[in-house]
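K.L.:
Starting off with a structure, shown below.
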Amino acid sequence: MKVDVLLGLQWGDEGKGKVVDVLTPRYDVVARFQGGPNAGHTLEFEGQKYVLRSIPSGIFQGDKVNIIGNGVVLAPDLFMDEAKDLEKSGHELKSRLHISKKAHLIMPTHRLLDAAYEAAKGKNKVGTTGKGIGPTYTDKISRNGLRVGDILENFEEKYAAHKARHEEMLRALNYTDYDITEVERHWMEGIEYMKQFPLVDSEHEVNNLLKQGKTMLCEGAQGTMLDVDFGSYPFVTSSNTICAGACTGLGLGPNKIGDVFGIIKAYCTRVGAGPFPTELFDETGDKIRAIGHEYGAVTGRERRCGWIDLVALKYAIMVNGVTKLIMMKSDVLDSFETIKACVAYKQNGNVIDFFPYDINEGIEPVYVEMPGWNQDLTKVTSEAEFPKAFKDYIAFLEEQLETPIAIVSVGPDREQTIER
């Protein structure tokens, strides 16, 4: 058996959670392979709204196995709060949610280091969520990390040693005005709570499940343009958000990858600092934000809004090996007279159609303009009901991106999803 991978192709917030929820009935296993609680996946169905931060989005579907892989960084306190909220709403977790022993733990002092590093950068802030993601991955790469498996033996001693090292770093940064007593108490409760879940060697589990003929969907967080290697560095996240991250974040061989689903919005958004070539600073951008409810699921921050960027998307499709596209929030553009798509960049007086080494300065988008469809898509139930202008928009994107758009979302509910 092969695994399918689902990931975002823009700057995150593409609507991955809803798509995982819609696709999950076709799979036996859903596995999250990177990122941490800085990623919020929003799902809406049966009149309820849920925001998942660390738990895979397949948790709502029957008896599916859900796995938090070794590539994820996990905050025990935030995980506990998220899981208990789901349990209160009637979703049984403890037998169906498995946690990799090799996943790294986000400590309270990681959050302090996150804040200290951002403060030290002054005007050059990355705009992190402050959840401690970057410092946790830094510890992982420098071979100083604390992992889920460490909670099973001599944990207090290991924790104290890591905390002391972090406190020394904070003193060196002149960041000493803090009190984590209450945060630490809640964090330790989260550690005890995590022990109630199956803690597994996820690399063995995922490969054994595939040998048994089980079908698996790998769920990514954030988006390709935030990948630490291939995104808009240094304004990126601290993990590999691309398809290759599914291999390293779960212990899968590259030959196990099947379909790669790339999620896009019909337009584009970004949260935090960093370049955004198609960003709109006018009433059009404000209108997209208002209609699309473009506010961060975790932070509540306003998302920056702009037209779709096909240069960046071609690049994302290339580095991920995307086989099928899924377009979200098409209905947000229902009332626009004209719609634009960026097909090239102007850089230093030259027109380029590829994603360059650095897009931090001097990039100007080159647009193609198309008529809008001026019709409510939220009530559409089949492709046959699409207005002609919307069909033309889809055809244009498929021609430019050389990849089929297999699914179109026309609203937040799982029922507002049309397969082509």
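K.L.:
What are the residues in the range 77-92 that are open to solvent by less than 60 Å² (accessible area, probe 1.4 Å) and part of a loop (DSSP other than H, G, I, E, B), if any?
P.N.:
S89, H91
K.L.:
Filter the range 193-207 down to residues that are part of a helix (DSSP H, G or I) and within 17 Å of K102 (Cα to Cα) and give me whichever is most open to solvent (accessible area, probe 1.4 Å).
P.N.:
Looking only at the range 193-207, we keep the residues that are part of a helix (DSSP H, G or I), and these are 193-194, 202-207.
The next check asks that each one be within 17 Å of K102 (Cα to Cα); those that pass are 194, 202-207.
Working: M194: 0, S202: 0, E203: 43, H204: 111, E205: 36, V206: 0, N207: 38 Å².
Within the range 193-207, the match that is most open to solvent (accessible area, probe 1.4 Å) is H204.
K.L.:
For the structure I just gave you, tell me whether N255 is open to solvent by 30 Å² or more (accessible area, probe 1.4 Å) and part of a helix (DSSP H, G or I).
P.N.:
On the way: open to solvent by 30 Å² or more (accessible area, probe 1.4 Å): yes; part of a helix (DSSP H, G or I): yes.
Here the answer is yes, as N255 does meet what is asked.
K.L.:
If the requirement is being out of contact with any Cys (no Cβ under 7 Å at 6 or more places or on another chain), within 21 Å of L280 (Cα to Cα), in contact (Cβ under 8 Å) with a residue 24 or more places away in the chain and surrounded by fewer than 16 Cβ atoms within 10 Å (Cβ to Cβ), which of these qualifies: T378, T338? Reasoning before the result, please.
P.N.:
On the way: T378 fails: within 21 Å of L280 (Cα to Cα).
After applying the criteria, what remains is T338.
Rundown of residues vs (1) closer than 16 Å to L397 by Cβ; (2) touching a residue at least 60 places away in the same chain (Cβ under 8 Å); (3) open to solvent by 10 Å² or more (accessible area, probe 1.4 Å), yes/no style:
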| site | (1), (2), (3) |
| --- | --- |
| P277 | no, yes, yes |
| F281 | no, no, yes |
| T284 | no, no, yes |
| I288 | no, no, no |
| H293 | no, no, yes |
| R301 | no, no, yes |
| W307 | yes, yes, yes |
| A312 | yes, yes, no |
| I317 | yes, yes, yes |
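K.L.:
Anything in the range 219-230 that is assigned to a loop (DSSP other than H, G, I, E, B) and open to solvent by 10 Å² or more (accessible area, probe 1.4 Å)? List them, or say none. Full working, then the answer.
P.N.:
Let us first name the residues in the range 219-230 that are assigned to a loop (DSSP other than H, G, I, E, B), namely 220-223, 227-230.
Q222, V228, D229, F230, listed by residue number.
K.L.:
For the list (1) surrounded by 12 or more Cβ atoms within 10 Å (Cβ to Cβ); (2) in a helix (DSSP H, G or I); (3) free of Cβ contacts under 8 Å to residues at least 40 places away in the same chain, I need the number of the one condition that N144 fails.
P.N.:
Of everything listed in (1) surrounded by 12 or more Cβ atoms within 10 Å (Cβ to Cβ); (2) in a helix (DSSP H, G or I); (3) free of Cβ contacts under 8 Å to residues at least 40 places away in the same chain, N144 misses just condition (2).
K.L.:
While we're looking at this one, here's another question. Just name the residue that is farthest from the chain's Cα centre (by Cα) out of those in the range 238-252 that are open to solvent by less than 30 Å² (accessible area, probe 1.4 Å) and aliphatic (A, V, I, L, M).
P.N.:
L252
K.L.:
Check every one of the strands (runs of 3 or more DSSP E) wholly within the range 302-420 and list those with 1 or more residues that are among the basic types (K, R) and either in contact with a Gly (Cβ under 7 Å, 6 or more places away or on another chain) or over 23 Å from P277 (Cα atoms) (or both). Can you show your working first?
P.N.:
On the way: elements: 304-306, 324-328, 338-347, 350-352, 363-371, 405-409, 417-419.
Qualifying strands (runs of 3 or more DSSP E): 324-328.
K.L.:
Would a scan of the range 241-252 turn up a residue that is part of a strand (DSSP E or B) and touching a helix residue (DSSP H, G or I) at 6+ places or on another chain (Cβ under 9 Å)?
P.N.:
So the first thing to find is which residues in the range 241-252 are part of a strand (DSSP E or B), and the list is none.
No: zero hits.
K.L.:
Looking only at the range 261-275, count how many residues are polar (S, T, N, Q) and either open to solvent by 10 Å² or more (accessible area, probe 1.4 Å) or touching a Gly at 6+ places or on another chain (Cβ under 6 Å) (or both). Before you say what the answer is, go through the steps one by one.
P.N.:
Within the range 261-275, the first condition is being polar (S, T, N, Q), and the residues that meet it are 269.
Filter once more, so that each one left must be either open to solvent by 10 Å² or more (accessible area, probe 1.4 Å) or touching a Gly at 6+ places or on another chain (Cβ under 6 Å) (or both): none.
Total meeting the criteria: 0.
K.L.:
Now for a different question. Do the conditions hold for A244, that is, is it of a type outside the set (S, T, Y), at pLDDT below 95 and closer than 30 Å to V408 by Cα? Working first, answer last.
P.N.:
Working: of a type outside the set (S, T, Y): yes; at pLDDT below 95: no; closer than 30 Å to V408 by Cα: yes.
So A244 does not fit the description; no.
K.L.:
Kindly establish whether T248 is farther than 26 Å from R289 by Cβ and among the polar types (S, T, N, Q).
P.N.:
Numbers: farther than 26 Å from R289 by Cβ: yes; among the polar types (S, T, N, Q): yes.
Yes; evaluated as a whole, the condition is true for this residue.
The values are calculated or read from the model by the stated rules, or taken from the named source; none is laboratory data. Predicted model only: the values in this text are computed from it and were never measured. When we count neighbours, we look across all protein chains shown, and the Cβ atoms used for this are built from the backbone with ideal geometry, even at glycine. With ligands, DNA and RNA removed, areas are computed over all heavy atoms of the protein, side chains included. Shrake-Rupley method; radii C 1.70, N 1.55, O 1.52, S 1.80 Å.
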